[in-house]
Structures are given as C-alpha cells and as structure tokens.
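Peer 1: My questions will all concern the structure given below.
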Amino acid sequence: MSKEPAGPPESDRFDDAPQPRETLALFGHARAEQELLDAYRSNRLAQAWIIGGPEGVGKATLAWRFARFLLAHPDPAAAEAQGARSLDVPADHPAARRVATMALADIFLLRREWNEKTKKHFTEIRVDDVRDITRSFHQGSGTGGWRVAIIDCADDLNRSAANALLKLIEEPPERSLFLLVAHQPGRILPTIRSRCRKLMLSALTQEETIAAVEALGAPWSDAPKADIAAAAARAEGSVRETLRLLGGDAMVFDTSVARLLQRLPQVDWLGVHFLADKLTGRDNEAAYETFMRALERHLDSRVRALSQSGAPAARLIGYARAWDEIRDLARETEVFNFDKRAMVLGIFERLAAAEGVR
C-alpha cells in the first residue's frame, strides 16, 4: 500500500492506492507501449500524444511509464534504448525513484489542484495552472534531456486553460513532449487534437484487471479473490472502478443503483429519493462516485445495445442529448455546490424521457 504523500490530497490518486507515477507494472497495453517505443527509437516521436480510453484502464500509468523511460534513456540511439523490449525501468533505477518522489526538474504534471478554501479539488484545470507549468517548462533543462508534460486529465481543462496549453504545444522548447491523458478525447479542443497523435487504449479483460489489482499489493491484494473477481466483472475493464467497488458497501450500493437504472423508463421514485438522500449526506463522496460511474456504464451499455439493434437515430440522439445535459447538471452541481438531491431527480427524469423515445 502506498503511503499518502505529505501535503494536500492529489486529484490523480485513488484513496491510498499507488499513484500512476508509482506504478511500475502495466497490464493489457503491449501494443500501445510498443508504438511509443518504436516511435522513439526511430526518431518519429510526435511532439504531443493523446492517450485516450476508458477511465482507470492504465492511461496515466502508461504516460508515466514512458516519461520514466525517457528519463532513463534520453538518447534514442543508445544501445540500451535500441535493445529495450518494453518501456520497463527497474524499481531501483534512479529514474524510477525520481519519478516516484517527483524529484524532477524536467517532468511536469498538470492536474486539478487542491482548493484550500473549500478543502476540495478544483473542478477544472485552470488557466493559472497552465501558466505555472509554462513558466517552468521554458526554463533551462535540469538534465539536458527531455522536457515532458503529463496532463491528467485533459478532459478537465477549461476553455482558457486549453487555449494556454495550445500555445505551449505550438511554441515549445526543444526536446519537449506532451502526454495528454483523456477519458473522452472528443471533448478536447479541436485545435489541440489536430496537433496530437492519438493512442487509444481499450478496456482491460477481467483477467488483466484482476492481475493489476493484485499487483498493487495490500490491502487490495488481500481482498478475497471472489470479491476481486466480482468487482472486476462489474467494473468492465477499469482498475480504478474495481478498487472503488471493493471499498465498504460499494458493491451493494452499485447493485441498487443498477436496479433503478434497469427499470427505466419506469422510475421507482421511492428508490430514487432514497438514493438522493444517500448522496446528500456528509462524507458522501464515495457513494457519489459510485453512482456516477454506474450511470456512465448504464449509458454506455444502452447506447451500444441500441446501435447494435438498429434502433432509430432519434433514440440515440435522445441519449446523447440526455448525457450532455446530465454532465452539465453534475458539473454545475459541483461547481456551485447545488443540492445533489435535485440533481439526482433531474437525472432520472432525463433518462426516463430518453428511454421513452421510440
């Protein structure tokens, strides 16, 4: 188990699980890893990459794995780099230790920062966060090697921050690399997308998910194997979601949410009100995250099922519109600290309307 670092909580860390920069093993993405390695060794490395795919499948782990490799092997023509079969860097290598402790001069992390006033993370990556990175990025390289910026995740960039990042990508120092982690690459500013090479990661298999959880060590690997397997099956290829479902009564709560969603377009309003009460109490962040992930899985599953069944375009459009409205509603609720009860009721109203379209 990784110890929580000194200082404020990190937005890219799940509870007390190892942070992606501390995770050396990568499961299920050998093709993507080889693509990065081949591009580097052949001097065809794009300056900016979007590493896309579902949340929790290892995108940030791959980004840090590549940054660690560049730090350990700054010359792509060197024999060690040319002979490497993967991006693996041993745990006892100085580069691995420096990345894990963030004792770095040339690797920069852009993420949602901690708000001391609210004691929560900001809901977006702000333009000031990008400006701070830009100032440091243009300073002289501490090692004479690569400057690497990891954006985790690019979905969180607000419009001003995205434009500031675009300017940095367009006018970078020499030997600069940008790795943009994205759960939904289509939501990234089009002008940024046009300057990036896209590398899409798929959801992990259940076996790969279980292996990734067990590799994290205690307490995750100490959970009963049946519980890990059940959580991995429900998580649909996301290690992060598997860890969430292993915590407390998350699996039971997730099941109750799934039942409410499966009844649509009929709404069990008594159950929905009970759910809303559960999300509005104190210390409800874990339950809220479980609800939102269950909602995302439901919507993804329904859209895929409708597409495969040849459903009318109106039904797909209705779901797309509902998902956009729900996403905006959730963001407004978080930004302005609105009542989550009203948000939950609004979500089920929109889903029922979308499901009712024929």
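Peer 1: With a 1.4 Å probe and every protein chain kept in, tell me what percent of the accessible surface of the chain is carbon plus sulfur.
Peer 2: Result for the chain: 51 percent of the exposed heavy-atom area is carbon or sulfur.
Peer 1: Another question about this same structure. Order of 95-104, 237-246 by packing, highest average Cβ count within 10 Å first?
Peer 2: 237-246, 95-104
Peer 1: I would also like to ask the following. What area, in nm² and to one decimal, does the C-alpha convex hull of segment 206-321 cast on average over all directions?
Peer 2: Seen from a random direction, the Cα hull of segment 206-321 projects 8.5 nm² on average.
Peer 1: What FRET efficiency comes out for the pair ASN43/SER136, r = Cβ-Cβ distance, R0 = 30 Å, nearest 0.05?
Peer 2: After rounding to 0.05, the efficiency reads 0.70.
Peer 1: Quick check on the chain: helices-only [θ] at 222 nm, where DSSP H runs of length 4 and up contribute -39,500 (n - 2.57) each and the sum goes over total residues. Nearest 500, please. Working shown, then result.
Peer 2: Working: 15 runs with 184 residues, N = 358.
Helix-only estimate at 222 nm: -16000 deg cm²/dmol.
Peer 1: With only alpha-carbon atoms in the gyration tensor, what are the semi-axes of the equivalent ellipsoid for segment 119-216, in Å, largest first?
Peer 2: Square roots of five times the eigenvalues give 26, 18, 15 Å.
Peer 1: I've got another one for you. From the C-alpha gyration tensor of the chain, pull out the three semi-axes of the equivalent ellipsoid (sqrt of 5λ each), sorted largest to smallest, in whole Å.
Peer 2: Rounded to whole Å, the semi-axes are 36, 23, 21.
Peer 1: Place the peptides 320-332, 82-94 in order of packing, highest mean first, counting for every residue the other Cβ atoms within 10 Å and averaging per peptide.
Peer 2: 320-332, 82-94
Peer 1: For the chain, with every protein chain kept in place, what is the accessible area per residue (1.4 Å probe, Å²)?
Peer 2: With all protein chains present, the chain gives 48 Å² per residue.
Peer 1: Can you tell me the Rg and the Dmax, both Å, for the Cα atoms in segment 71-188?
Peer 2: Here Rg and the maximum Cα pair distance are 15.9, 51 Å.
Peer 1: Counting other Cβ atoms within 10 Å of each Cβ, which GluC sites (Glu not before Pro) in segment 105-140 have at most 15 and sit in a DSSP loop?
Peer 2: Numbers: sites: GLU113, GLU116, GLU124; in loops: GLU113, GLU116, GLU124.
Of the GluC sites (Glu not before Pro), the ones in loops of segment 105-140 whose Cβ has at most 15 other Cβ atoms within 10 Å are GLU116.
Peer 1: Which residue fluctuates the most in the chain, going by a Gaussian network model with Cα springs under 10 Å, if the choices are PRO18, PRO173, PRO190?
Peer 2: Fluctuation is largest for PRO190.
The values are calculated or read from the model by the stated rules, or taken from the named source; none is laboratory data. Owing to the predicted nature of the structure, the values given are computational and were not obtained by experimental measurement. So basically every Cβ, Gly included, is an ideal-geometry build from the backbone, and we count neighbours across all protein chains shown. For accessibility, only protein heavy atoms count, side chains too; no ligands or nucleic acids. Shrake-Rupley method; radii C 1.70, N 1.55, O 1.52, S 1.80 Å.
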